[in-house]
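Below: the structure, in structure tokens.
The values are calculated or read from the model by the stated rules, or taken from the named source; none is laboratory data. Remember, predicted model here, so these are calculated numbers, not experimental data. Positions of Cβ are backbone-derived with ideal geometry, glycine not excepted, and every protein chain shown enters the neighbour counts. Areas reflect the complete protein model, heavy atoms only, side chains present, ligands, DNA and RNA absent. Shrake-Rupley method; radii C 1.70, N 1.55, O 1.52, S 1.80 Å.
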Amino acid sequence: HELQAELERLRNEVPRIREAIRLARADGDVRENSPLDAAREQQQFTERRIRQLQNDLARVEIVDAANADTEKVSIGSRVTLQDMTLLTRRIFTLVDIREADVSAGKISTVSPIGQALMGRSAGDELTINTPSGSGPTPHRRYRGIAIWRHVHGAPPDCNG
């Protein structure tokens, strides 16, 4: 969905970029025309990104969250984890690497945490080696509290 929105936004930029190129050409000398160079560079970047998004979307598999398995962690799962050392809880959504955004709680299925979670069930305990681990051992112990698909509303009760 985010990739489709970006593609649409970029497609809408193309006419504006073409107009910028037209106006820059109209200014006269095209040999040393920095607005023209900038517009052409923007056009190349935009067209390259549009092709990349089209290729990505052609290969993407749409996950139907409403009918997905909530017994095992897979792409699209939202997982509540209990840190067994710090006694804190964190919620992660497992996504494709192109959609990963740690600050938004979206982690890639190929990240250390994502790899450790794939195929796990609620209640499983796991040790995850993390690049940002602190102290003499860069790993954390977690217990999976809940697995759900984010369709609407809040996660299931995870006080258990």
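Tabulated results
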| quantity | calculated |
| --- | --- |
| The stretch 1-36, subset of a type in the set (Lys, Arg) and within 24 Å of the chain's Cα centre (by Cα), residue nearest to Ala100 (Cα to Cα) | Arg9 |
| Verdict on Arg31 being at pLDDT below 85 and either assigned to a helix (DSSP H, G or I) or among the hydroxyl-bearing types (Ser, Thr, Tyr) (or both) | no |
| Those residues of the stretch 92-120 which are more than 10 Å from the chain's Cα centre (by Cα) and either open to solvent by 70 Å² or more (accessible area, probe 1.4 Å) or not hydroxyl-bearing (Ser, Thr, Tyr) (or both), in sequence order | Phe92, Ser103, Val110, Pro112, Ile113, Gly114, Gln115, Ala116, Leu117, Met118, Gly119, Arg120 |
| Subset of the stretch 1-36 [open to solvent by less than 60 Å² (accessible area, probe 1.4 Å), of a type in the set (A, V, I, L, M, F, W, C) and farther than 27 Å from Val95 by Cα] | Val14, Ile17, Ala20, Ile21, Ala24, Leu36 |
| Yes/no for Ala39 being modelled with pLDDT of 90 or more, over 20 Å from the mean Cα position of the chain (by Cα) and small (Gly, Ala, Ser) | yes |
| Filtered residue count, the stretch 53-76, keeping only those that are at pLDDT 85 or above and of a type outside the set (A, V, I, L, M, F, W, C) | 2 |
| Matching option when the condition is under 30 Å from Gly76 (Cβ atoms) and part of a helix (DSSP H, G or I), among Gln4, Gln42 | Gln4 |
| Among the residues listed as Thr127, Thr93, the single one being closer than 30 Å to Gln52 by Cβ, in a strand (DSSP E or B) and modelled with pLDDT of 65 or more | Thr93 |
